[in-house]
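Note sheet for the following structure.
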Amino acid sequence: MNETPLVMVEDAEGLQAALPDLQRATVLGVDTEADSMHRYREKCCLIQISDEHRDYVIDPLAGFDLSPLGEVLSNPDVVKIFHGADYDVVSLKRDFGWHIENVFDTMIAAQLLSRPRVGLADLVGDFFGYELEKKYQTHDWARRPLLDEHVAYARGDTHFLLAIRELFVRQLERKGLTDIAEEEFQLIEGREWGGPVHDEASFLRVKGSAKLDDTGKRVLRAVWEFRDAHAARMDRPAYKVIPDPVLLRLAERKPKTVGQLDDVMRARSTMARRYGSDLIDAVERGLEDDRGIPEPQKKVRAGTRPRHGARETDRLLLILKDWRQRLTRKGIPLVMIANNTQLKAIAGYRPETPEELGGMVEIRQWQVRRYGEQLLGVVSDFASGLPAGSESEKGSTGRRRRTRRSAE
């Protein structure tokens, strides 16, 4: 890595100078650094890119137009290699509106290949004998100026990605896993930012708030609003200003004097000294508040709607887990079969045909190709009340039953 040229891009001129090489590349390693642990609203603070010849560290906080870079990263003809792409892809989409296509995720590839350790530092150490620095994982990447050690850490996250992909492409091909990997990569491209959205019911996301009466909820809203406004002024994560459990205790106990805060937080703590009077004022505002309590925001259920009750779903889920366990005993890693969420969706929906199975939003098409017949057999046997048999018996029984129904 020390022998590879490093290009710092901190202004429009620097980006224009780097663009010709980036535009010629057919494969790019990409990573981002953010400030989620240090700021009220997180943002992308660095973009690292590596091609076959150089490492680039790009500063999006320098205030210049990044749209030419977005055109490069959105180009579907260029492979973008990430390690753990989910967060990077949604962050680039959230902050810059870039839709990243043609993704290769080295962490997913490592999982499919049953690597014993799938962290980037582990892969770099195993393949190249190089030890990546880890101490800046929680660094405040919004701070400037960037020191040499910060830049060295950042470029290390992309420098090795092209070589790791070369190794994994061949291994995936040899093991017949390319189709699985490609489908998983394509799903990442469609991910959207799922962070919290502020609305009038945001305070009800505090764990335990559902147990409060209306007066307690009004107090909770008042202390939550105080914390939120203060966190925004300080530009700090709200949970680092006052933790949610403290807000809940304030709403439950409704202290009326600073002295009564000893029942809520540690006596003479920094939090009590700094915010004590303001919190008492907020509690009082909550007690005098006559606004209605909003309905909590309901989570939109994106999964397949179950067609059967919870009791039967749980029974079938146990049988499906047993089916999966038999496969794992044969040496097939769980990541290449189905996770619990997928099995529960199947148990609740009980698909009867490959088309129904493949139409479930939780299910991958590679799962239908590899395990569809077995899964449908397990579901069919359960629905018929037959005892669970071997995998082959399940598959053949299900086939015979569906064929007989079709003939009738």
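The values are calculated or read from the model by the stated rules, or taken from the named source; none is laboratory data. Quantities reported herein were computed from a predicted structural model and do not represent experimental measurements. Glycine also receives a Cβ, built like all others from the backbone with ideal geometry; neighbour counts cover every protein chain displayed.
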Scanning the range 109-126 for residues that are part of a loop (DSSP other than H, G, I, E, B) and either charged (D, E, K, R) or outside the structural domain of Glu166 (by TED's automatic domain parsing) (or both) gives Arg115, Arg117
Selection from the range 71-86 of residues that are at pLDDT 95 or above and not in a loop (DSSP other than H, G, I, E, B): Glu71, Val72, Leu73, Val79, Lys80, Ile81, Phe82, Ala85
Can you tell me which residues in the range 261-282 are free of Cβ contacts under 8 Å to residues at least 24 places away in the same chain and either in a loop (DSSP other than H, G, I, E, B) or aliphatic (A, V, I, L, M) (or both)? Leu261, Val264, Met265, Arg266, Ala267, Arg268, Ser269, Ala272
Taking the range 53-67 on its own, how many of its residues are in a helix (DSSP H, G or I) and farther than 15 Å from Leu15 by Cβ? 0
Return the pair list, or none, for Cβ contacts closer than 7 Å from residues in the range 83-101 that are on the phi < 0 side of the Ramachandran plot to residues that are of a type in the set (Gly, Ala, Ser), at least 6 apart or on different chains. Ser91/Ala34; Phe96/Gly70; Trp98/Gly70; Trp98/Ser74; His99/Ser74; Ile100/Ser74; Glu101/Ser74
Can you tell me which of (1) out of contact with any Lys or Arg (no Cβ under 8 Å at 6 or more places or on another chain); (2) part of a helix (DSSP H, G or I); (3) without any contact (Cβ under 8 Å) to a residue 60 or more places away in the chain; (4) under 20 Å from Glu10 (Cβ atoms) is the one Arg143 doesn't meet? (2)
Filter the range 185-198 for residues that are modelled with pLDDT of 85 or more and of a type outside the set (A, V, I, L, M); which is nearest to Lys43 (Cα to Cα)? Glu192
So for the range 129-138 (the condition being surrounded by 15 or more Cβ atoms within 10 Å (Cβ to Cβ) and out of contact with any helix residue (DSSP H, G or I) (no Cβ under 6 Å at 6 or more places or on another chain)), does at least one residue qualify? no
Kindly indicate the residue of the range 40-52 that is at pLDDT 95 or above and not in a strand (DSSP E or B) and also nearest to Val79 (Cα to Cα) among those meeting that condition. Asp51
Flag for Gln186 being polar (S, T, N, Q), in a helix (DSSP H, G or I) and either more than 22 Å from Ala34 (Cβ to Cβ) or without any contact (Cβ under 8 Å) to a residue 60 or more places away in the chain (or both): yes
Residues located in the range 286-298, provided they are of a type outside the set (Asp, Glu) and either without any contact (Cβ under 8 Å) to a residue 24 or more places away in the chain or farther than 24 Å from Val197 by Cα (or both): Leu287, Gly292, Lys298
Could you list all residues from the range 11-39 that are in a loop (DSSP other than H, G, I, E, B) and under 29 Å from the mean Cα position of the chain (by Cα)? Ala25, Thr26, Asp35, Ser36, Met37, His38, Arg39
